[in-house]
Amino acid sequence: KLFRDIKNFCAAAARLLAECEKQVKNRGDTGYQGVLAWRDMSQELSKLDEDWGMIEALLGLKAKKKDTRGNKDNWKSVEFHKECKERLAAAREELAALQGRARSIMFQELLPLLIQFVNEDWEKRRVEGHINFQDILILARELLENHPAARDDFARRWKYLLVDEFQD
């Protein structure tokens, strides 16, 4: 569904440009230039295969807020100029929404791999008897959480515990 929506986003840019071609009097107008920029980035995006490359390219796009400016005198119709600005603003919002969905998909795909990596790396360090500072923190927490006798012993011996470099 994301790829279909990306293609629709790209097609909307082409449609708006076609309409603007008929309405613009001055092709140097910043609003018109914004439409051209949207069309150009959409054309590049639509040429890509529907895979991670398209998602990566989508995430690399940056919409410029000032692309919706322009001068109403550069257009045959003031109403169309206003509509064009509104459609460019909507395109920016749609781009942000598509990018959010793409990030979510990437995270959903990446998270299980990260979990597997972390678990395999921990198991390797544990078997080899090598632990790092992060492991020490986790093991200390697990000791206190999972072993009431250890927790009670520490509580009996110390009323307060000062942790230096707590941010680590």
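Data for the structure
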quantity	calculated
Taking all pairs of distinct alpha-carbon atoms in the stretch 30-80, Kirkwood radius in angstrom	12.5 Å
Summed side-chain charge close to LEU48 - residues other than LEU48 whose Cβ falls under 15 Å, Lys, Arg +1, Asp, Glu -1	-4
Contour excess over end-to-end distance, with Cα ends at GLU120 and LEU59 and 0.36 nm allotted per residue	19.0 nm
Overall form of the stretch 121-168 per C-alpha gyration tensor (a/c, 1.5; a/b vs b/c)	oblate
Semi-axis lengths, Å, the stretch 2-44, gyration tensor of Cα atoms, sqrt of 5 times eigenvalues	22, 10, 6
Of LEU48, LEU113, LEU143, the one that fluctuates the most in a GNM where the chain has Cα springs shorter than 10 Å	LEU143
HN-Hα J in Hz across the stretch 101-109 - Karplus 6.51, -1.76, 1.60, θ = phi - 60°, x for Gly and Pro	5, 5, 4, 4, 5, 4, 5, 4, 6
Student exercise, the stretch 90-168 dipole from Lys, Arg, Asp, Glu Cβ charges, in Debye to nearest 20	200 debye
Environment charge of LEU17, counting only residues whose C-beta is closer than 12 Å and scoring Lys/Arg +1, Asp/Glu -1	+2
Nearest-20 debye value, the stretch 1-148 charge dipole, Cβ charges on Lys, Arg, Asp, Glu	1080 debye
Globularity ratio of the stretch 1-102, using Cα Rg and 2.2 N^0.38 Å	1.08
Low-density loop positions, trypsin sites (Lys or Arg not before Pro), the stretch 81-168 - DSSP coil, at most 12 other Cβ in 10 Å	LYS159
Filter on LYS7/LYS76; LYS7/LYS82; LYS22/LYS82; LYS25/LYS85; LYS22/LYS62; LYS25/LYS82 - keep pairs with C-alpha separation over 23 Å	LYS7/LYS76; LYS7/LYS82; LYS22/LYS62
Mean separation of Cα contacts under 8 Å, 6 or more apart, over the residue count of the chain: relative contact order %	22 percent
Debye log10 I(q)/I(0) at q = 0.21 Å⁻¹ for the stretch 43-149, Cα point scatterers	-1.10
Neighbourhood net charge (15 Å Cβ-Cβ; Lys/Arg +1, Asp/Glu -1) for PHE154	+1
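Every read-out reported here was derived from the displayed coordinates using simple, explicitly stated rules and does not represent laboratory data. What you see is a predicted model, and the numbers here were worked out from it, not measured in a lab. Glycine also receives a Cβ, built like all others from the backbone with ideal geometry; neighbour counts cover every protein chain displayed.
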